[in-house]
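One structure below.
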Amino acid sequence: MTFDYPQLQTRRPTIVGAGAYVPEIRMSTARIAALIPGWTPERITDRTGIHERRYLWDIDDVTGKAIEPTPGEAPTTGVDMSEIALRKALRMAGLRSAGLDAIFVVTCTADRPSFSQDAMLLHRRLDCRADCYALVFDSGCGGTMYVFDMVAKMIASGAIRTAAIVGSNFTSSMVDRDLYSRSVPLDGSDKSIGAYLSAYVFGDGAGAIVLQGEDDQDRGVVASVAGNEHLDLVLRPGGGSLLPPHADRTRPVDLAYVVNGALVQQSYLRCMQQSLEHVLARGGTAASAVSRYYLHQPNQRLLEHFAASIGLRRDQLAANVSRYGNTSSAGMLILLAEDLERGTVALGSGDLVAFAAIGAGAHLGAQLVRL
């Protein structure tokens, strides 16, 4: 067991590495519509713009249930995906895991939901220092930028110097025709929401970034914000103390992720605009001066609508949701990692980029960063 409490100075939080992992199984819209009845393939594509999503586990076309892979055929878990993404990010940063002061995993689909076990397993696999924080943040699409704001403040304060943020989404293991063919009533109304939309929009993947305090004041986080909106954008009440699995009052659908599509559309447009306006104003930056925007992608149609509403050019908007599906907390980090790999942006270039996301219960956050 090793400890290392470095003597830290106040430094500017800077992205020094990014990595991603996206599974190989391509789940077409036609196939998912056949697996989970609800909308036709044409309606799914028309309403969401998603043509396929990536899955880590395949689905049985007869039973409509996820097929657990043979043990040992890695990657097969959310932690496996997270480890690949984080190792790539560390390699890009030129850092060893011993240099990490914290690992924060943001996910609502943890392999094991209690005790921050996914983060602890990453900590063990990478052989991190004993005093390196290892925590899971139970959050969805907005959680990564929410945690980014917290980490940036920790680094700026001098409390830590180097931290990894990992976003992971692993929903294919939960696909179940019986579960996602059900609906849940909306509180305070006579309407209900079908669970099938979640199966249509979500995909698997993991992304990671490494933030480090740097003396270079020409790079790093220019402005950051995080906040809370008390909105049930995604419903999943089962599994907690109030609705334990053995209770008579629990319904099977309580364990499904159920997206309130109408509420997502309303809140996304408002909250994303407000968050971005805030960081741009604090950074004294015009929207047109930002090279790339890494925004949460609930679906392709809503993303494009929002980008048009705030006047973004096509070349400013990073997007992959039409091919990968909504990868929740991983989405923005995957986009950045792919752009860095392609050379669309580059660390140390001075490129100005912006992040923004909102989701789930709801966490929101936005950052303006000079790479």
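VAL369 passes all but one of (1) assigned to a strand (DSSP E or B); (2) open to solvent by 10 Å² or more (accessible area, probe 1.4 Å); which number fails?
The single condition VAL369 does not satisfy is (2).
Quick check, is MET145 over 24 Å from SER241 (Cα atoms), at pLDDT 95 or above and not aromatic (Phe, Trp, Tyr)? Don't jump to the end; show me each part of the working.
Values: over 24 Å from SER241 (Cα atoms): yes; at pLDDT 95 or above: yes; not aromatic (Phe, Trp, Tyr): yes.
Criteria met by MET145.
Pick from region 236-245 the residues that are at pLDDT 75 or above and either open to solvent by 40 Å² or more (accessible area, probe 1.4 Å) or in contact with a Leu (Cβ under 6 Å, 6 or more places away or on another chain) (or both): which of them is farthest from ASP178 (Cα to Cα)?
Top of the filtered list is SER241.
Every residue in region 96-154 that is within 16 Å of GLY17 (Cβ to Cβ) and open to solvent by 30 Å² or more (accessible area, probe 1.4 Å), please.
ARG96, ALA98, GLY99
Please go through (1) modelled with pLDDT of 95 or more; (2) touching a helix residue (DSSP H, G or I) at 6+ places or on another chain (Cβ under 8 Å); (3) surrounded by 24 or more Cβ atoms within 10 Å (Cβ to Cβ) for LEU90 and return the number of the only condition it doesn't satisfy.
Of everything listed in (1) modelled with pLDDT of 95 or more; (2) touching a helix residue (DSSP H, G or I) at 6+ places or on another chain (Cβ under 8 Å); (3) surrounded by 24 or more Cβ atoms within 10 Å (Cβ to Cβ), LEU90 misses just condition (3).
Take the residues in region 289-310 that are assigned to a helix (DSSP H, G or I) and hydrophobic (A, V, I, L, M, F, W, C); name whichever of them is farthest from the chain's Cα centre (by Cα). Lay out the reasoning, then the answer.
Step one: of region 289-310, the residues assigned to a helix (DSSP H, G or I) are 289, 300-309.
Filter once more, keeping what is hydrophobic (A, V, I, L, M, F, W, C): 289, 302-303, 306-308.
Numbers: ALA289: 25, LEU302: 17, LEU303: 15, PHE306: 19, ALA307: 19, ALA308: 23 Å.
Looking at residues that are assigned to a helix (DSSP H, G or I) and hydrophobic (A, V, I, L, M, F, W, C), I get ALA289.
Output the residue which, of all residues in region 13-66 that are among the basic types (Lys, Arg) and within 22 Å of GLY207 (Cα to Cα), is most open to solvent (accessible area, probe 1.4 Å).
Residues of region 13-66 among the basic types (Lys, Arg): 26, 31, 43, 47, 53-54, 65.
Narrowing further to those that are within 22 Å of GLY207 (Cα to Cα): 26, 53-54.
Numbers: ARG26: 141, ARG53: 0, ARG54: 28 Å².
Among those that are among the basic types (Lys, Arg) and within 22 Å of GLY207 (Cα to Cα), it is ARG26.
For the subset of region 291-316 comprising residues that are aliphatic (A, V, I, L, M) and under 22 Å from THR144 (Cα atoms), which member is surrounded by the most Cβ atoms within 10 Å (Cβ to Cβ)? Quick ask: steps written out before the conclusion?
At the first step, the residues of region 291-316 found to be aliphatic (A, V, I, L, M) are 295, 302-303, 307-308, 310, 312.
Okay, now just the ones that are also under 22 Å from THR144 (Cα atoms), so 295, 302-303, 307.
On the way: LEU295: 28, LEU302: 22, LEU303: 23, ALA307: 18.
Looking at residues that are aliphatic (A, V, I, L, M) and under 22 Å from THR144 (Cα atoms), I get LEU295.
Hey, among SER173, SER224, which residue is among the polar types (S, T, N, Q), open to solvent by less than 50 Å² (accessible area, probe 1.4 Å) and within 28 Å of GLN274 (Cα to Cα)?
Values: SER173 fails: within 28 Å of GLN274 (Cα to Cα).
Unique residue meeting the criteria: SER224.
Working only within region 210-240, note down all residues that are assigned to a strand (DSSP E or B) and within 16 Å of the chain's Cα centre (by Cα).
Answer for region 210-240, where residues must be assigned to a strand (DSSP E or B) and within 16 Å of the chain's Cα centre (by Cα): VAL210, ALA226, VAL234.
Please work out if GLY361 is more than 29 Å from SER28 (Cβ to Cβ), touching a Gly at 6+ places or on another chain (Cβ under 8 Å) and surrounded by fewer than 23 Cβ atoms within 10 Å (Cβ to Cβ). Walk me through it before giving the result.
Numbers: more than 29 Å from SER28 (Cβ to Cβ): yes; touching a Gly at 6+ places or on another chain (Cβ under 8 Å): yes; surrounded by fewer than 23 Cβ atoms within 10 Å (Cβ to Cβ): yes.
Against the criterion (more than 29 Å from SER28 (Cβ to Cβ), touching a Gly at 6+ places or on another chain (Cβ under 8 Å) and surrounded by fewer than 23 Cβ atoms within 10 Å (Cβ to Cβ)), GLY361 qualifies.
Being more than 17 Å from ILE25 (Cα to Cα) and among the charged types (D, E, K, R) is the filter here; which residues of region 42-73 pass it?
Taking region 42-73 as the starting set, the residues that turn out to be more than 17 Å from ILE25 (Cα to Cα) are 42-49, 62-63, 71-72.
Within region 42-73, GLU42, ARG43, ASP46, ARG47 qualify.
Could you list, in sequence order, the residues of region 253-276 that are loosely packed, with under 14 Cβ neighbours inside 10 Å and of a type outside the set (Gly, Ala, Ser)? Write out each step before concluding.
Looking only at region 253-276, we keep the residues that are loosely packed, with under 14 Cβ neighbours inside 10 Å, and these are 262, 266, 270.
Within region 253-276, GLN266, ARG270 qualify.
Suppose we keep only residues that are outside any strand (DSSP E or B), out of contact with any Ser or Thr (no Cβ under 9 Å at 6 or more places or on another chain) and among the polar types (S, T, N, Q) within region 161-209. Which one would you say is farthest from ASN320 (Cα to Cα)?
Across region 161-209, the extreme among qualifying residues is SER189.
Considering only region 277-288, how many residues are in contact (Cβ under 8 Å) with a residue 60 or more places away in the chain and either within 25 Å of the chain's Cα centre (by Cα) or open to solvent by less than 20 Å² (accessible area, probe 1.4 Å) (or both)?
So the first thing to find is which residues in region 277-288 are in contact (Cβ under 8 Å) with a residue 60 or more places away in the chain, and the list is 278-280, 282-283, 285.
Retained after the next criterion (residues that are either within 25 Å of the chain's Cα centre (by Cα) or open to solvent by less than 20 Å² (accessible area, probe 1.4 Å) (or both)): 278-280, 282-283.
Count: 5.
In this structure, is ALA20 under 30 Å from PHE306 (Cα atoms) and in a helix (DSSP H, G or I)? Write out each step before concluding.
Numbers: under 30 Å from PHE306 (Cα atoms): yes; in a helix (DSSP H, G or I): no.
So ALA20 does not fit the description; no.
Any residue in region 325-334 that is more than 18 Å from TYR268 (Cα to Cα) and surrounded by fewer than 23 Cβ atoms within 10 Å (Cβ to Cβ)?
In the first step, residues of region 325-334 are kept if they are more than 18 Å from TYR268 (Cα to Cα); the result is 333-334.
Among the residues that remain, those that are also surrounded by fewer than 23 Cβ atoms within 10 Å (Cβ to Cβ) are: none.
No, region 325-334 has no match at all.
Under the condition of being open to solvent by less than 10 Å² (accessible area, probe 1.4 Å) and not aliphatic (A, V, I, L, M), which residue from region 155-169 is farthest from ARG251 (Cα to Cα)?
Looking at the filtered set, the residue picked out is THR162.
The values are calculated or read from the model by the stated rules, or taken from the named source; none is laboratory data. Please read these numbers as outputs of a predicted model, since none were measured by experiment. Because the Cβ atoms are built from the backbone with ideal geometry, glycine has one as well, and the counts that use them run over all protein chains shown. Each accessible area value is taken on the protein alone, full model and side chains, heavy atoms only, with ligands, DNA and RNA left out. Shrake-Rupley method; radii C 1.70, N 1.55, O 1.52, S 1.80 Å.
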